[in-house]
1. Evaluate the chain: find the radius of gyration of its Cα atoms, find its Kirkwood radius, and give the ratio Rg to Rh.
2. Hey, got the dipole for region 114-324? About the Cα centre, +1 on K and R Cβ, -1 on D and E Cβ, debye to the nearest 20?
3. So for each of 271-278, 151-158, 283-290, 62-69 I average, over its residues, the number of other beta carbons within 10 Å; can you give me the resulting order with the highest mean first?
4. What FRET efficiency do you get for Asp147 and Val64 if R0 is 30 Å and r is their Cβ-Cβ distance, rounded to the nearest 0.05?
5. How much mean residue ellipticity at 222 nm does the chain get from its helices, if each DSSP H run of length 4 or more adds -39500 (n - 2.57) and you divide by all residues, to the nearest 500 deg cm²/dmol?
6. Of the chymotrypsin sites (Phe, Trp or Tyr not before Pro) in region 1-61, which ones lie in a loop per DSSP and count no more than 13 other C-beta atoms within 10 Å?
7. What percent antiparallel are the DSSP beta bridges of the chain, to the nearest 5?
8. For region 2-109, taking Cα atoms only, what is the radius of gyration to one decimal and the Dmax to the nearest whole Å?
Amino acid sequence: MKLTYHPYELELKHAFTIAKFSRTSTPLILLEITHEGFTGYGEASMVPYMGESIQSATSFLTKVEVTQFKYPFDFASIINYLDSIAPGNPAIKAAIDIALHDLDGKIKRQPCWKLLGSDLFKMPVTSYTIGIDTPEVLIEKLKDTVDCKVIKVKLGRDSDRELINTIRSVTDRPLYVDANQGWTDLQQSLDLCYWLKEQGVLLIEQPMLKTDPESNAWLSERSPIPIIGDEAVQRLSDVEQAGSIYNGINVKLMKSAGIFEGHQMIARAKELGLKVIMGCMSETSCATLAAAALAPQCEWADIDGPFLVSNNPFKNPEFSDGKWMLGNEAGLGLKT
Ligand code: MG
């Protein structure tokens, strides 16, 4: 088994502004693991606020012994091994986990979604995310949302209602809202939840600081729209506590250290009565296909990476009727 990788700077079509920062590109590590003539592809997307970087990822990779990856893969042992090298580093761990899942599917000649037990008839539509911007630019960006059936809007500043009104002046598509921890006042937030319900908003992500479970729980108990924990929920060990704070969780492979643990998070969330949205970072078709393989097990999907970037090094997966269309190719189905 052989592991190779290279850094890649993923350019965003538009500067991406959310409640706490703005950026124009995302550093990636693109990774390949080969075994007996088969190649598995993986990807780490290292958005700056998660704390990983090209440097931390390459430093992690120098400590990885590929001899630990014996086929058939025992994914639970593999994630334990990766965690034993160093805590944190979920994106570069995800890159390895995704590549091994792709490889596993190719060796078994089965698509990843099938090996994970997903039912493609249950594939949810995916949303298209729009960052915070001026009304003029927002309207311009909305023209770019092609055939997405749902729009995800970043809120969390003083202009929240104005921004929604601008969107409603040009489209009546349902909305997801992501406040990225930007709301502070409890009663104002609850009033906003009721107003957003009238505006056709289906869910609200991380309204308040992840370090303030009481406020998030207060809002989750009263909001007419499901409140979803995102920044507060990274890996499987966070799901339990989320059950008493939020109405649902956002699972992202770059937080969960990949497909194996993301799959476990979805299963545990369901047992706890939590709804799940499959999310993503700025990602290429590689991590997009990995997330789409699990998306049919979730209520909602926000897997819009390929729409928002201008230099995806892979072919875009097939997208139709607002959904990613997975096929019967072995592995992830990634086309280079
Ligand atoms: Mg979010």
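Bear in mind that the values in this text are calculations on the coordinates, not laboratory data. The structure presented is a predicted model; accordingly, all values stated were derived computationally and were not measured. Heads up, the Cβs are rebuilt from the backbone with ideal geometry, glycines too, and the neighbour counts pull from every protein chain shown.
1. 0.96
2. Around 560 debye, computed over region 114-324.
3. 283-290, 151-158, 271-278, 62-69
4. 0.15
5. Rounded to the nearest 500, the figure is -10500 deg cm²/dmol.
6. Phe21
7. Here the antiparallel bridges make up roughly 50 percent for the chain.
8. Cα-based Rg and Dmax for region 2-109 come out at 14.9, 47 Å.
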